[in-house]
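Working notes, structure below.
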Amino acid sequence: MAKSMTASLQVQHLTYGEEVDFTKIRKFRKELQAALGPKGIKLSYMPMILKATSLALLQFPMLNAHVSHDLTEMIYKGDHNLGVAMDTPSGLIVPVIKRVQQKSIIDIAYDLQDLQVASSAGKLTEEQLSGGTFSLSNIGSIGGTFMVPVVTSPNVAIGALGRIQMVPSYVDERGERASVDMIDRGQAKVAPLSLMTVSWSADHRVVDGATVGKFSNLWKSYIENPSLLAMNMR
Ligand code: CAO
């Protein structure tokens, strides 16, 4: 970790944060859990979040690239090999779920479960720990609401997920976040909403903030509308 972080901190970072309404994806998870429970699969939010990330990366392949040390080349990676930061008794490790672009949410849940079992037993292989093209860190499962993640070179971007919280928010008649105009017109009411903060860091030498923002908007649309996530699965 010391070596990789020293290299990563040479990178000029930009970090972009956003709030995401988790209401629908919580319901979607409950429905999937009811179907998957009898098969012995534990479904956390991560498989859905990883799938949404892969679908968004399809539209923004430059965020799934490696950059050469001398900054003369960007190598766009066809496979979405997504690293998942794990807190283990021996510290931070980032095993990789390979080819997420080809996998269903269930496939990803199986892979994540296997990696978690191997990591707690200290039995992750070199193959499982290498080849990442993008990574996600769910700090919210520990407790924080916001974190600035550090890009792992030669990757060019990374995401961090904060704790899902219930907060009072202005909503419309469908229970979705109300627009400023609706609030001004007195047409919105206050109701509890499930919110999560996501933050994306990118290598600002090769990626600009607008690209990260557009990627984040697309990712957010999948999380806030799981039907879009389902519709775009292959
Ligand atoms: N907000 C609120 N609750 C969350 C959450 C979030 N962001 N993420 C997970 N949870 C909840 C889950 O829903 C689950 O509760 P229920 O089963 O009752 O619903 C519980 O927390 C445990 O989840 P989990 O940790 O078993 O599963 P996961 O797939 O969400 O996360 C893993 C797996 C490996 C990402 C996580 O355990 C972990 O290690 N996180 C720490 C990552 C880390 O160290 N980052 C720092 C990197 S920089 O040093």
Open item on the list: Under 8 Å between Cβ atoms, which residue pairs at least 6 apart in sequence (or on different chains) link something in segment 132-157 that is aromatic (Phe, Trp, Tyr) with a partner that is more than 13 Å from the ligand (Cβ to nearest atom) and part of a loop (DSSP other than H, G, I, E, B)?
Closed with: Phe134/His80; Phe134/Asn81
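How many residues, within segment 37-56, are buried (at least 18 other Cβ atoms within 10 Å of the Cβ) and more than 12 Å from the ligand (Cβ to nearest atom)? Talk me through it step by step, then tell me what you get.
Of segment 37-56, the ones buried (at least 18 other Cβ atoms within 10 Å of the Cβ) are 43, 45-56.
When the remaining residues are screened for being more than 12 Å from the ligand (Cβ to nearest atom), the result is 51-56.
The qualifying residues number 6.
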- [ ] Looking only at segment 76-89, decide whether some residue is on the phi < 0 side of the Ramachandran plot, in contact (Cβ under 8 Å) with a residue 60 or more places away in the chain, surrounded by 15 or more Cβ atoms within 10 Å (Cβ to Cβ) and away from the ligand (no atom under 14 Å from the Cβ).
- [x] no
Open item on the list: I'm trying to understand the selection: among the residues of segment 185-201, which are within 16 Å of the ligand (Cβ to nearest atom) and either surrounded by 17 or more Cβ atoms within 10 Å (Cβ to Cβ) or touching a residue at least 40 places away in the same chain (Cβ under 8 Å) (or both)?
Closed with: Leu193, Ser194, Leu195, Met196, Thr197, Val198, Ser199, Trp200, Ser201
Task: Selection from segment 134-151 of residues that are over 15 Å from the mean Cα position of the chain (by Cα) and either near the ligand (Cβ under 8 Å from one of its atoms) or within 14 Å of Asp203 (Cβ to Cβ) (or both) - done: Ile142
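From Met233, Met182, Met166, which residue is on the phi < 0 side of the Ramachandran plot, among the aliphatic types (A, V, I, L, M) and within 16 Å of the ligand (Cβ to nearest atom)?
Of Met233, Met182, Met166, the one residue that is on the phi < 0 side of the Ramachandran plot, among the aliphatic types (A, V, I, L, M) and within 16 Å of the ligand (Cβ to nearest atom) is Met166.
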Open item on the list: So Glu127 passes all but one of these: (1) without any contact (Cβ under 8 Å) to a residue 60 or more places away in the chain; (2) part of a helix (DSSP H, G or I); (3) over 14 Å from the mean Cα position of the chain (by Cα); (4) within 15 Å of the ligand (Cβ to nearest atom). Which condition number does it fail?
Closed with: (4)
Open item on the list: Contact list please: Cβ distance under 6 Å, first residue in segment 98-116 and farther than 16 Å from Gln128 by Cβ and among the β-branched types (Val, Ile, Thr), second residue within 14 Å of the ligand (Cβ to nearest atom) and assigned to a helix (DSSP H, G or I), pairs at least six apart or on different chains.
Closed with: Ile105/Pro47; Ile105/Met48; Ile105/Lys51
Task: Counted residues, segment 179-234 - those being modelled with pLDDT under 95 and under 14 Å from the mean Cα position of the chain (by Cα) - done: 1
TODO: Find the residue count for segment 158-194, including only residues that are basic (Lys, Arg) and in contact with a helix residue (DSSP H, G or I) (Cβ under 8 Å, 6 or more places away or on another chain).
DONE: 1
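The values are calculated or read from the model by the stated rules, or taken from the named source; none is laboratory data. Just so it is clear, the structure is predicted and the values come from calculations on it, not from any experiment. Note that we place each Cβ from the backbone using ideal geometry, even for glycine, and neighbour counts take in every protein chain shown.
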